[in-house]
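Visitor: Take a look at the following structure, please.
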Amino acid sequence: MGKLYLVPTPIGNLEDITLRAIKVLKEVDLILAEDTRTSGKLLKHFEINTPLQSHHMHNEHKQVDALVKKLKGEAILALISDAGTPAISDPGFLLTRACVENGIEVECLPGATAFVPALVNSGLPNDRFVFEGFLPIKKGRQTRLEQLAEESRTLVFYESPHKLIKTLTQFVDYFGADRPASVSRELTKLYEETVRGTLAEVLEHFTNHPPKGEFVIVVGGKK
């Protein structure tokens, strides 16, 4: 049997990659990458010459069986996403599940994940929290928001810049304008920013300052 490594990559600052991650990526037979162009820049920076293969949300279903066959043939593979830890709002779950079902060893290296620094520096309770990732775009969104409005644990979401205002507006409507919140963008990058306040206050801020970058929204639970 071969082995699958799940390898976190930096969410912005390249210095956040671990020494072990570099070692693994240099030693495996093949790297499965969400976007080979994005990952190619990272690998070139660290002088990693391992072959790359595209593996993303649009083709992962078709590739799983072939990759499991390759792993059963003693291949050692690494899976990376564009940024952060694979399978956290990124491809990785399907292949990991298939490996587990087929008795193939899977090892996930520790490393960068955007929601962890956003949660920790929010100033909101982080002993118990709920990671929601991206909310449903249409179907089921309203139902999910209604359910989360009653959640007492801290809530963590991912959001893109063009949907941030809509999402914060809905949070005000469903959770209440006075609910405490923290919004982080461009974590570890040059223009990293965290805005804290009530949901109404952070909505006002980003209404007046057009959102740019990738966002993590942390919202206090219901009292």
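The values are calculated or read from the model by the stated rules, or taken from the named source; none is laboratory data. For clarity, every value in this text was computed on a predicted model and none was experimentally measured. Backbone-built Cβ (ideal geometry, glycine too); neighbour counts: all protein chains shown.
Visitor: Any idea how many residues of the range 10-60 are in contact with a Gly (Cβ under 9 Å, 6 or more places away or on another chain), farther than 25 Å from PRO117 by Cβ and surrounded by fewer than 16 Cβ atoms within 10 Å (Cβ to Cβ)?
Guide: Of the residues in the range 10-60, 1 are in contact with a Gly (Cβ under 9 Å, 6 or more places away or on another chain), farther than 25 Å from PRO117 by Cβ and surrounded by fewer than 16 Cβ atoms within 10 Å (Cβ to Cβ).
Visitor: So which residues in the range 1-60 are of a type in the set (Lys, Arg) and either under 13 Å from ASP82 (Cβ atoms) or modelled with pLDDT under 95 (or both)?
Guide: Hits for the range 1-60 are ARG37, LYS41.
Visitor: Being acidic (Asp, Glu), under 23 Å from ASN126 (Cα atoms) and at pLDDT 95 or above is true for just one of GLU186, GLU204. Which residue is that?
Guide: GLU186
Visitor: Take the residues in the range 1-26 that are part of a strand (DSSP E or B) and among the hydroxyl-bearing types (Ser, Thr, Tyr); name whichever of them is nearest to ASN102 (Cα to Cα).
Guide: Of all residues in the range 1-26, those part of a strand (DSSP E or B) come to 3-6, 9.
If we keep only those that are among the hydroxyl-bearing types (Ser, Thr, Tyr) too, we end up with 5, 9.
On the way: TYR5: 15, THR9: 26 Å.
Selected residue: TYR5.
Visitor: OK, next. Collect the residues in the range 137-187 that are of a type in the set (Asp, Glu) and closer than 22 Å to ALA87 by Cβ, keeping them in residue-number order.
Guide: Scanning the range 137-187 gives a single hit, GLU159.
Visitor: Residues that are under 19 Å from the mean Cα position of the chain (by Cα) and touching a residue at least 24 places away in the same chain (Cβ under 8 Å): does the range 44-54 have at least one?
Guide: Among the residues of the range 44-54, not one is under 19 Å from the mean Cα position of the chain (by Cα) and touching a residue at least 24 places away in the same chain (Cβ under 8 Å), which makes the answer no.
Visitor: Answer yes or no as to whether THR169 is farther than 15 Å from GLY220 by Cα, among the hydroxyl-bearing types (Ser, Thr, Tyr) and not assigned by TED's automatic domain parsing to the domain that holds GLY213.
Guide: Values: farther than 15 Å from GLY220 by Cα: yes; among the hydroxyl-bearing types (Ser, Thr, Tyr): yes; not assigned by TED's automatic domain parsing to the domain that holds GLY213: no.
So THR169 fails the test.
Visitor: Could you tell me which residue of the range 81-120 is surrounded by the fewest Cβ atoms within 10 Å (Cβ to Cβ), considering only residues that are part of a loop (DSSP other than H, G, I, E, B) and out of contact with any strand residue (DSSP E or B) (no Cβ under 8 Å at 6 or more places or on another chain)? Break it down stepwise before answering.
Guide: First, pick out the residues of the range 81-120 that are part of a loop (DSSP other than H, G, I, E, B): 81-83, 85-92, 102-104, 109-114.
Next cut, out of contact with any strand residue (DSSP E or B) (no Cβ under 8 Å at 6 or more places or on another chain) only: 102-103, 110.
On the way: ASN102: 12, GLY103: 8, PRO110: 10.
That would be GLY103.
Visitor: Follow-up question, since we're still on this one. So GLU204 clears everything in (1) within 21 Å of the chain's Cα centre (by Cα); (2) more than 22 Å from PRO136 (Cα to Cα); (3) surrounded by fewer than 21 Cβ atoms within 10 Å (Cβ to Cβ) except one condition, right? Which one?
Guide: Here GLU204 clears every test but (1).
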